[in-house]
Amino acid sequence: MKKFDAIVVGSGYGGAVSAFRLAQAGLNVAVLETGYEHKAPNMPRGEASEWNPEAGRFGPHTVQHLSETVTAWRDTAVGGGSIVNAAVMIRKDDFENWPGCIIRSALDPYYDLAERMLGAASIAPPARQATA
Ligand SMILES: Cc1cc2nc3c(=O)[nH]c(=O)nc-3n(C[C@H](O)[C@H](O)[C@H](O)COP(=O)(O)OP(=O)(O)OC[C@H]3O[C@@H](n4cnc5c(N)ncnc54)[C@H](O)[C@@H]3O)c2cc1C
C-alpha cells in the first residue's frame, strides 16, 4: 500500500495551496477530491459551452431552491470554487477584533504573493454610458 506523509481533503483554494506548500516542503502528499475533473481541452466552448443560459445551461453546478428565501448554488469539482468563481481579488478593508491579534497590514505580503502567483491584473472601470 502506498504511504503518504500528508493527506489533504478537497482541492479548492485552501486544499490546493496546502498540498502545494506541503509538497514544496518535501512531503509526499495525496489530495482527496470528491468532485469530477474538468480538463480545459474537453470543456465545451462556444454554443456547446456548459454556460449557455439561452439554452438553459448554467454551468457545471446545481441550483437548488432550499426554501422560498434560500437558494443554493452547489456542486463539486477538482479545483473547488475556483472552477466557477468570478476571479475577483479584493483586499480586505482594515478590521478589528480578529483572533490572534492579526492586523490588516500583516496580510499585505501574502496578498502580494497571491496576486503575483495568480497573475492578478487591474481592469479599467466600465466606461460611463451616456444617459439620454
Ligand atoms: C459563484 C461564486 C463566485 C465567487 N467569486 C469569487 C471571487 O470573485 N473572488 C473570491 O475571492 N472568491 C469568490 N468566491 C468564493 C471562493 O470561490 C471561495 O471562498 C473559495 O473557493 C473557498 O475555497 P475553499 O478551499 O475553502 O473551498 P472550495 O473551493 O469549496 O473547495 C472545497 C473542495 O473540497 C471538496 N470536498 C468537499 N467535501 C469533500 C469530501 N468529503 N471529500 C473530498 N473532497 C471534498 C469539494 O469538491 C471542493 O473541491 C466565489 C464563490 C462562488 C460560489
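The values are calculated or read from the model by the stated rules, or taken from the named source; none is laboratory data. Quick caveat: nothing in here was measured; it's all calculated off a predicted structure. Heads up, the Cβs are rebuilt from the backbone with ideal geometry, glycines too, and the neighbour counts pull from every protein chain shown.
Taking the range 1-16 as the range and being outside any loop (DSSP other than H, G, I, E, B) and within 8 Å of the ligand (Cβ to nearest atom) as the test, the residues that pass are V9, Y13, G14, G15, A16. Could we say that L118 is at pLDDT 80 or above, over 25 Å from L32 (Cα atoms) and hydrophobic (A, V, I, L, M, F, W, C) here? Judged against the criteria, L118 is not a match. Across the range 45-76, the qualifying residues are those that are among the basic types (K, R) and either at pLDDT below 80 or touching a Leu at 6+ places or on another chain (Cβ under 6 Å) (or both), and the one among them that is surrounded by the most Cβ atoms within 10 Å (Cβ to Cβ) is R57. Is it fair to say G59 is touching a residue at least 24 places away in the same chain (Cβ under 8 Å) and at positive phi? Yes: the conditions hold for G59.
From the list A120, A86, the lone residue that is within 14 Å of the ligand (Cβ to nearest atom) and surrounded by 11 or more Cβ atoms within 10 Å (Cβ to Cβ) is A120. Answer yes or no as to whether E33 is at pLDDT 90 or above, closer than 30 Å to P125 by Cβ and surrounded by 12 or more Cβ atoms within 10 Å (Cβ to Cβ). Taking the combined requirement at face value, the residue does not satisfy it. Taken over the range 78-93, the criterion of being at negative phi and assigned to a loop (DSSP other than H, G, I, E, B) is satisfied by V78, V84, N85, A86, V88, M89, I90, R91, K92, D93. With respect to R21, determine if the residue is basic (K, R) and either away from the ligand (no atom under 12 Å from the Cβ) or in contact (Cβ under 8 Å) with a residue 24 or more places away in the chain (or both). So R21 fits the description; yes. Of the residues making up the range 73-132, those that are within 30 Å of T62 (Cβ to Cβ) and of a type in the set (S, T, Y) are T76, S82.
Checking each residue in the range 90-132 for being within 25 Å of A16 (Cα to Cα) and in contact with a helix residue (DSSP H, G or I) (Cβ under 6 Å, 6 or more places away or on another chain) picks out only R91.
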